[in-house]
Amino acid sequence: MSITELFSVAILLSLLMFYLLRQFWFRSRYPSGWLPLPATGSLWQAGIRLYQETRSKQMQEETSSPKISMTPYGSIFNDKGGEIWKQQKEIEQLILSKQEREKKGVESLVEQEAPRLAEAFARVNGQPFDPLNNIIASLSKMIWSVSFGDRSPLEDKESQQLTDAIESAVKSGGSFVYTLDKQFSWLLKYLPGLQKNALSSKEMIFSFTKKAMQKHKEAKPMKEPEDFVDFYLSQMEKNKGGQNSAYNEENLAECIFNFLISAAESTAITLQWALLLMASHPDVQDKVHKEIEKVLGSSNAVSHKDWKKLPYTSAVIHEIQRTQHAFLFRIIKQCAKDVNIFGFLAPKGTFINPDLNSVLLDPKLWETPEQFNPSHFLDKDGEFVAKKEFQLLAGESDGSLKDKLARVESFTFFIHLLKTFVFQLPEGEKKTSEQPRIGLTTCPHSYKICAVAHRKTS
């Protein structure tokens, strides 16, 4: 080894030693845990439990939303991602305000698509199949419609290609991979693994998005903005010439991409778990069938508001989300000032990443935290109980279009599918794994299921 190489190694070892000593010094003031890594910090420790109290009023008052996004909407590590996230939230608020004024929203879109998903399941004729592709096809159509309206329709071939790309992204932990790619693109491209599928899918989705944006611009403009692209282009025009404006077509494509992935991912994972758990727990599925028959009868009209009439079914949906939530963490805050949390210092700028398991699997809060048990959300009279520890249908929205879509989709799709089918494991398969596939999201392992026509008891 040359003198230059020895010197370089010595410098690297010295820097590493300095980093470790510095971390050990600061760690003396923090809760016990694994040593954070350079650049990513403690992000890799998604499974480490944090106190439930980090979600308390104290934290809400003394922390703020990150200046840079740490959700699937944007980048963890750079300002561009944060700006894109802000833009997307701003456009979503404009759309939601318009829908509220006109007394119509995403509910009608979901209610139209849910029966079509049931029809796609019916075409399999009760044979074993993987439901994920059909689920994502329905979700992507709705999100595409919200984004582009009816002026940039996809051909059948393009629609299937888009569905396949989003499915590949979901299976590969897409939203989190794209977040990491912002900072470590130079590394991820050389590493083997599922992230290569996610990154390849991104290129295809971007291609579809940019073509649709061009068609949208060439179409005759509406008097008023109707869809996501309309509102974005309107904001782009208003901010034209602004010195610090980040509204441009490249960021618009990024917004649409983020919306497609993040909105499809969480609902697709939830519905995957829902069908698997119904097949694995036929007694629960039978109770859901009976309640739906009793309350909704033979009517095909299903509204998101019907959850209040279906206490047991609502409890089942909540329990699915509690035991098999799509992400290990969601609610990330950045300290706006130095905060003392239970005797530990969280300096200004520290990111607080609560582990959802610390609440959703807490034995002090749930009678059987590790088991699928809808009674967690029912009182002694069988009425639904909206618990503050976890609220899906009854909880307050986070103000995003994605959040509203997820709430409406989870309920409406589930009800339509359970009204139409009995879900069963393939013949000869008595049990399938309910353990999540180890990855960046908590997807189930790939499975096949049978959707058998439901014969009503009355």
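A few comments on the model shown:
- Within segment 119-133, the set of residues being of a type outside the set (S, T, N, Q), in contact (Cβ under 8 Å) with a residue 60 or more places away in the chain and surrounded by fewer than 21 Cβ atoms within 10 Å (Cβ to Cβ) comprises Ala122, Val124, Gly126, Pro128, Phe129, Asp130.
- Ser201 surrounded by 21 or more Cβ atoms within 10 Å (Cβ to Cβ), more than 23 Å from Leu109 (Cβ to Cβ) and at pLDDT below 85: yes
- The residues of segment 134-151 that are surrounded by 15 or more Cβ atoms within 10 Å (Cβ to Cβ) and more than 16 Å from Ser262 (Cα to Cα), listed by number, are Asn134, Phe148, Gly149, Arg151.
- Against the criterion of being under 25 Å from Phe413 (Cα atoms), modelled with pLDDT under 75 and assigned to a helix (DSSP H, G or I), Glu100 qualifies.
- If you check Lys309, Lys364, Lys348, Lys333 for being under 17 Å from Thr412 (Cα atoms) and either open to solvent by 40 Å² or more (accessible area, probe 1.4 Å) or modelled with pLDDT of 75 or more (or both), only one passes: Lys309.
- Residue in segment 252-273 that is touching a residue at least 60 places away in the same chain (Cβ under 8 Å), over 28 Å from Gln88 (Cα atoms), part of a helix (DSSP H, G or I) and not small (Gly, Ala, Ser) present: yes
- Residue pairs meeting the criteria (Cβ under 8 Å; at least 6 apart or on separate chains; first free of Cβ contacts under 8 Å to residues at least 40 places away in the same chain, in segment 148-168; second open to solvent by 80 Å² or more (accessible area, probe 1.4 Å)): Ser159/Lys141
The values are calculated or read from the model by the stated rules, or taken from the named source; none is laboratory data. Since the structure is predicted, the reported quantities are computational estimates derived from the model, not experimental observations. Backbone-built Cβ (ideal geometry, glycine too); neighbour counts: all protein chains shown. Just the protein is used for accessible areas: all its heavy atoms, side chains included, with ligands, DNA and RNA removed. Shrake-Rupley method; radii C 1.70, N 1.55, O 1.52, S 1.80 Å.
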